[in-house]
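The values are calculated or read from the model by the stated rules, or taken from the named source; none is laboratory data. These figures come from a predicted structure and were not determined experimentally. FYI the Cβ positions are ideal-geometry reconstructions off the backbone, even for glycines, and counts take in every protein chain you see. For accessibility, only protein heavy atoms count, side chains too; no ligands or nucleic acids. Shrake-Rupley method; radii C 1.70, N 1.55, O 1.52, S 1.80 Å.
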Amino acid sequence: MKILSSIPTHMLTGFLGVGKTSVIIELLKQKPEHETWAILVNEFGELGIDGSLFAANCSEEHGVFIQEIAGGCMCCSAALMLPVALNQLLKRSKPDRLIIEPSGIGHPKQVVKALTSGHYQGVLDLKAVITVLDARQLSDPRYLENDIYQQQLQVADLLLANKSELYSDTDFENLKRLRESNSKLGTVELLVTRNAALRYEQFAVTTASKSIAKPEFSAIQTQSNPLALGLASKQAEASVPKASPINSVGYMEQESQHDGVKSNSWRFDKRYVFDSQQITELLTKTASLRLKAVIITQTGLLSLNRINDELSQNVHPMMTPRSASEPQSESKIEFLVENTQSLMLNTQQLLACRIEQADED
């Protein structure tokens, strides 16, 4: 009878815009060649943009498998998708290590509970919850008074103060004061990083603190646990909403709303190649709480990530997708706005930025 060891699992939580995805991309660059990693990423919006960014940096051939859960918190509005997506990911990848990135405005306590209960006991060994923060947010009471923000601090086994190259003396002082005012955080290890540069050695050995109630894990018999066999319920899979196919003209617009935040998003298939400068200027001048995009341009796969007035912009080489369902087969643009706010952008403005529309294959 085969015995299956539990999978080392790490969760990276943190508020919108702190750089969780950038931290994971930096870790992917350091992945040992002999290891297979699985990444489960949950995004508040309807599009899996982070998954496309990961795919632009690694592939299954390099031992990196990606599964996305979009459309709200994986333990709330998207709760049904969590066990199905995780089962599918583990079945496909059979990983040596699992990384989970919840939504920046998801509920981390519920994610921890879901990962340390039921069939996941003995399958996932939750090594640590890494809470990524931007100390510049600590001077704004809107963050410190936010329940989700507080939950992210409370579940931390490791605090990662990211973007420190942008901190002022006041930001460093606020970070020190935060730890001194919270007995739990005062005992948690703090790492201060520049440009999301978390070293693999610091990440891999971090263990869960005893102050977070997590069950003990042990080896399990594969016959006794369907998750260990990678068996997902066909009935559950059928109930999970699939991404809508793009229409015959090659693009579609979506709008949704969860927890007081509205998402406006667009998808364009690979026939639409955009002018990098024009699309960047258009998107970055559009007011919103958050902008995330991966766009096929004449220079490569352009990624845009803006929160408040801070913009991160990169160009990644285009890899040839094996199928039309793979991330790089389309462009994705998503804005988050307050539910009372209207987005001053329309499809025709986006289409005006394209430079070519190639014939369909």
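Odds and ends about this structure:
- Scanning segment 97-134 for residues being within 20 Å of the chain's Cα centre (by Cα), assigned to a helix (DSSP H, G or I) and small (G, A, S) gives a total of 1.
- Of all residues in segment 122-155 being under 23 Å from E201 (Cβ atoms) and touching a Leu at 6+ places or on another chain (Cβ under 7 Å), the one that is surrounded by the most Cβ atoms within 10 Å (Cβ to Cβ): V132
- Residue tally, condition touching an Asp or Glu at 6+ places or on another chain (Cβ under 9 Å) and open to solvent by 60 Å² or more (accessible area, probe 1.4 Å), over segment 156-179: 1
- Filter result for E310 (within 20 Å of Q67 (Cα to Cα) and modelled with pLDDT under 90): no
- Any hit, segment 59-76, residues being within 13 Å of the chain's Cα centre (by Cα), modelled with pLDDT under 85, open to solvent by 10 Å² or more (accessible area, probe 1.4 Å) and of a type in the set (A, V, I, L, M): yes
- Considering residues of segment 333-351 that are without any contact (Cβ under 8 Å) to a residue 24 or more places away in the chain and part of a loop (DSSP other than H, G, I, E, B) only, the residue nearest to T297 (Cα to Cα): N346
- Restricting segment 233-256 to residues that are under 21 Å from the mean Cα position of the chain (by Cα) and surrounded by 12 or more Cβ atoms within 10 Å (Cβ to Cβ), the residue that is modelled with the highest pLDDT: Q254
- Selection within segment 1-44: residues that are in contact with a Ser or Thr (Cβ under 7 Å, 6 or more places away or on another chain), modelled with pLDDT under 90 and closer than 22 Å to K94 by Cα. The member of this set that is surrounded by the most Cβ atoms within 10 Å (Cβ to Cβ) is N42.
- Restricting attention to segment 267-287, the residues being buried (at least 21 other Cβ atoms within 10 Å of the Cβ) and not aliphatic (A, V, I, L, M) number 4.
- Contact map, segment 150-167: residues that are under 11 Å from A135 (Cα atoms) and among the aliphatic types (A, V, I, L, M) paired with residues that are open to solvent by 10 Å² or more (accessible area, probe 1.4 Å) and part of a helix (DSSP H, G or I), Cβ distance under 7 Å, separation 6+ or inter-chain. Pairs shown: L166/R136.
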